[in-house]
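Everything on this sheet refers to the single structure shown next.
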Amino acid sequence: GIHPVAIEDRTETHFIKIFFIWFSANTNILSFATGTLGPVTFGLGLRDSCLVILFFNLLCAVPPAYLTTWGPKLGLRQLCASRYTFGYYGAMVPSLLSLISNVGFCTLNCILGGQALASIANISWTVGIVIISLISLFVSFCGLRVLNWYENCAWAPSLLVFVVATGAGGKHFIDTPVAPATAAQIFSFAATIAGFIMTWSAFSSDYTAYFHPRVSSRRIFIYSYLGLNIPIITLQCLGAAAAISAPSVPDWNAGYTDGDVGGLLNAMLSPVGGFKKVLMVVLSLSVTGNNAPTIYSMCMAFQTLIPPLSAVPRYVFSVLATAVITVLAIVGQHKFYSTLSNFLGIIGYWIGAWVSAICVEHLYFRKGNFALYDIRSWNVPSRLPLGAAALGAAVLSFALVIPSMSQVWYTGPIARKTGDIGFEVAMAVTALLYIPLRRLEKRWRDVEG
């Protein structure tokens, strides 16, 4: 559960594990599918899509990679650690938002995995979704030790499939001429990229809480940063290339009907003959490498959202989350692309504000010193910050975030000229507001936590 890991229990010294957790979690069809949004949804060419993918992933991977360094120092799960910024009760808000966000991620994964299974087996997308959900549940059900073992291995077969798909279909890749990219197109796609990678920030220290506290933070950061960026950038660029090329290859175009990403990859693998079915099964299972750690961490989010539930066994939440995810995936299976682009854009707003607040608290008010966190206070509301400053700064930032949003259902006046810059605005405005608000909070209620 969310109880702090005592120093004497932080004994893990195989620090490279965090690299493989991130690498396996992102070597899957969802990373590939997110890359396709550049040309399909935002009308970007291959060059512009890949440049946005490269630079915004390099930028937005910094928060989740940095926050993994907190686990060995505090022994706290990430959302529980945010109590030292948002307060005992205030931390319930990001916990709820994190649950909603990650139910969405798992739903998208199940749709993709179900599509991939259905493309090579005589089953419906619905049956494929149920199979993927149950396998993800099993891995997350077993706990962190099995999860670590699984993530250390799961990346290899998944990576092999993408390498084969690239080799088999690479000769068809083309860059169709498009109009020069506008700022609106670039920043709107960038918001999607930010929503994809930054959401991991809410779970970062969950996977390092058992690491030995004397490990170099720089080492953990580098492992995490590379583990996130290598698969995400590579597969998103591959997805962009495949989506742009699909209309010029009849088999690919037919497989890609109704946004069937599994069908597109199935068509790309056609040259390998009968072995294609084996590869597609492996590819469909690749999403469990993302779902399993997400479902594991969602259990912690449940306990931070409703603290009395910390007495309930973690696996109960795994079952509950899987049931909700499966139903949502079945209902939304034929609206994948609209759901993916809208969902990733929206979640970037709240995660940007949350990351900004906890980083300003840690780096400015606590001087980056983990000794200033009283771990004995982790579950005592009166000894933690009130949280009004963090919530107030985050909420007030939306006065500028909303005009900077660009979604299917709403485009703000700022976004009409710039594209979607909501997550950048959320981070900047929250940071600026948090400093004076936190000073007022500390004067009124002098509790350090």
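Highlighted here are the helices (runs of 4 or more DSSP H) found entirely within the range 381-449 that include at least 3 residues which are without any contact (Cβ under 8 Å) to a residue 60 or more places away in the chain: 388-401, 422-444. Only one entry in Ile346, Ile358, Ile351 is touching a helix residue (DSSP H, G or I) at 6+ places or on another chain (Cβ under 8 Å) and over 16 Å from Phe86 (Cβ atoms), namely Ile346. Taking the listed residues Leu238, Leu265, Leu328, the one that is farther than 21 Å from Ile129 by Cβ and of a type outside the set (Val, Ile, Thr) is Leu238, with no other qualifying.
Scanning the range 112-124 for residues being surrounded by 20 or more Cβ atoms within 10 Å (Cβ to Cβ), farther than 17 Å from Asn26 by Cα and at pLDDT 80 or above gives a total of 4.
Every condition in (1) within 22 Å of the chain's Cα centre (by Cα); (2) farther than 19 Å from Thr322 by Cα holds for His172 except the one numbered (1).
Is there a residue in the range 335-342 that is open to solvent by 10 Å² or more (accessible area, probe 1.4 Å) and in a loop (DSSP other than H, G, I, E, B)? Yes.
Does Tyr66 satisfy the criteria of being under 18 Å from Ala357 (Cα atoms), surrounded by fewer than 22 Cβ atoms within 10 Å (Cβ to Cβ) and within 16 Å of the chain's Cα centre (by Cα)? Criteria met by Tyr66. Checking the stated criteria, Glu424 turns out to be within 18 Å of Pro63 (Cβ to Cβ) and surrounded by 16 or more Cβ atoms within 10 Å (Cβ to Cβ). In summary, helices (runs of 4 or more DSSP H) completely within the range 131-247 and bearing 1 or more residues that are of a type in the set (Lys, Arg) and open to solvent by 10 Å² or more (accessible area, probe 1.4 Å) occur at 144-169, 217-245. Considering Val127, Val103, the condition of being modelled with pLDDT of 85 or more, open to solvent by 30 Å² or more (accessible area, probe 1.4 Å) and either assigned to a helix (DSSP H, G or I) or of a type outside the set (Gly, Ala, Ser) (or both) is satisfied by Val127 alone.
The values are calculated or read from the model by the stated rules, or taken from the named source; none is laboratory data. Keep in mind it's a predicted model, so treat the numbers as computed, not measured. Every residue, glycine as well, gets a Cβ built from its backbone with ideal geometry; the counts of neighbours run over all protein chains shown. Areas reflect the complete protein model, heavy atoms only, side chains present, ligands, DNA and RNA absent. Shrake-Rupley method; radii C 1.70, N 1.55, O 1.52, S 1.80 Å.
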